[in-house]
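Down below is the structure, laid out as structure tokens.
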Amino acid sequence: MARLNHDFSPLNQRVGFTFNTLHVLLKYWLDCWDGSHPLLDIGCGNCLNSLQAAETGARVIATELNPKVIPELKEQHRGTGIEFDCLHLPETIPFKDETFSGILCAEVFHFLDHEEVLASIQRFYDLLIPGGKVILTTVSEDLSLLQPVGLKQLRVAQRERDGSCMKALREYQDLFCAARNLEPEGHPAWEIYAAHLDAYQPGYFNFFYPEQLATAFKRQGFDIELIELGAANHYPIWKHGPQDQVRLVAGKPE
Ligand SMILES: C[S@@+](CC[C@H](N)C(=O)[O-])C[C@H]1O[C@@H](n2cnc3c(N)ncnc32)[C@H](O)[C@@H]1O
């Protein structure tokens, strides 16, 4: 288990890590609560954000990918008022259109490929009431750790071929391994890299360019309230930068 800091922990039977810090855009999500239409927390992890929302009196529905963890989550959070369900972007979404006033999608989009990203944005639009918002953070192509091993160049080359393409990288584990190999054995990089191999299935991983993601939301009909890059010092990596995370707030027009 990686011990670099205490800001993250691997998720049991879920994908990736969860974070022991409150979401940087939490206030935007909490402010969506209108007294009747619930808030949705997609890929809730350890439920820290959902717990905050429930404590303010909001109705919260928190979801996870793996149906096997739902009973465990219900048991752990009994008495908090949080409701749990299974949701798998983009295809398995057990809710009716215009159900939610706010959707938090924290650190989930980098597990999706281009078509899944577009289909998810469309589903978000349908799920929200008019005036509702999506609050989203995900990994940026400016992720400092992978700059020395060519991440940005790969993404720029992809955009030059097709400006709207947000194709995930199949070779991300090779990039990650190359970044680890820049560090001497015994450096925390080696332990963190091993934790990643345990936490993620081999497959693909996406890295986003803010303007491109915002354009995809605009094309779906959203208004963009915030699009920016920021630091994500809780990410389970051994080097952090000021532009590791893409942050977006998008509203469905009234
Ligand atoms: C990196 S964790 C983030 C957990 C939590 N949101 C947080 O910020 O601590 C990613 C979460 O997304 C979920 N997830 C991954 N792929 C998903 C998908 N296609 N649809 C829905 N949830 C997904 C995982 O089960 C996991 O809970």
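The values are calculated or read from the model by the stated rules, or taken from the named source; none is laboratory data. Predicted model only: the values in this text are computed from it and were never measured. As a convention, Cβ positions derive from the backbone with ideal geometry for all residues, glycine included, and neighbour counts pool all protein chains shown.
Descriptive notes on the structure:
- Within segment 1-46, the residues that satisfy the criterion of being surrounded by 20 or more Cβ atoms within 10 Å (Cβ to Cβ), at pLDDT 85 or above and near the ligand (Cβ under 9 Å from one of its atoms) are His23, Asp41, Ile42, Gly43, Cys44, Gly45.
- Residue within segment 189-203 that is at pLDDT below 95 and under 30 Å from Gly251 (Cβ atoms) present: no
- For Gly131, the stated conditions do not hold, so it cannot be described as outside any helix (DSSP H, G or I) and on the phi < 0 side of the Ramachandran plot.
- Output for segment 141-161, where each listed residue is in a helix (DSSP H, G or I), under 19 Å from Glu107 (Cβ atoms) and not aliphatic (A, V, I, L, M): Ser144, Arg155
- Listed conditions (1) buried (at least 20 other Cβ atoms within 10 Å of the Cβ); (2) under 26 Å from Leu65 (Cβ atoms); (3) more than 15 Å from the chain's Cα centre (by Cα) are all met by Glu141, apart from (3).
- Qualifying residue in segment 193-214 (condition: under 20 Å from Ser101 (Cα atoms), of a type in the set (Gly, Ala, Ser) and part of a loop (DSSP other than H, G, I, E, B)): no
- Residue list for segment 47-70, restricted to those being at pLDDT below 95 and under 19 Å from Val139 (Cβ atoms): Leu65
- Whichever residue in segment 115-126 is touching a residue at least 60 places away in the same chain (Cβ under 8 Å) and surrounded by fewer than 20 Cβ atoms within 10 Å (Cβ to Cβ) and, among such residues, is farthest from the ligand (Cβ to nearest atom): Tyr125
- From Glu107, Glu91, residue being within 13 Å of the ligand (Cβ to nearest atom) and at positive phi: Glu107
- Test: residue in segment 73-82 that is within 15 Å of the ligand (Cβ to nearest atom), under 21 Å from the mean Cα position of the chain (by Cα) and in a strand (DSSP E or B): no
- Test: residue in segment 174-189 that is in contact with a strand residue (DSSP E or B) (Cβ under 9 Å, 6 or more places away or on another chain), small (Gly, Ala, Ser) and within 17 Å of Phe17 (Cβ to Cβ): no
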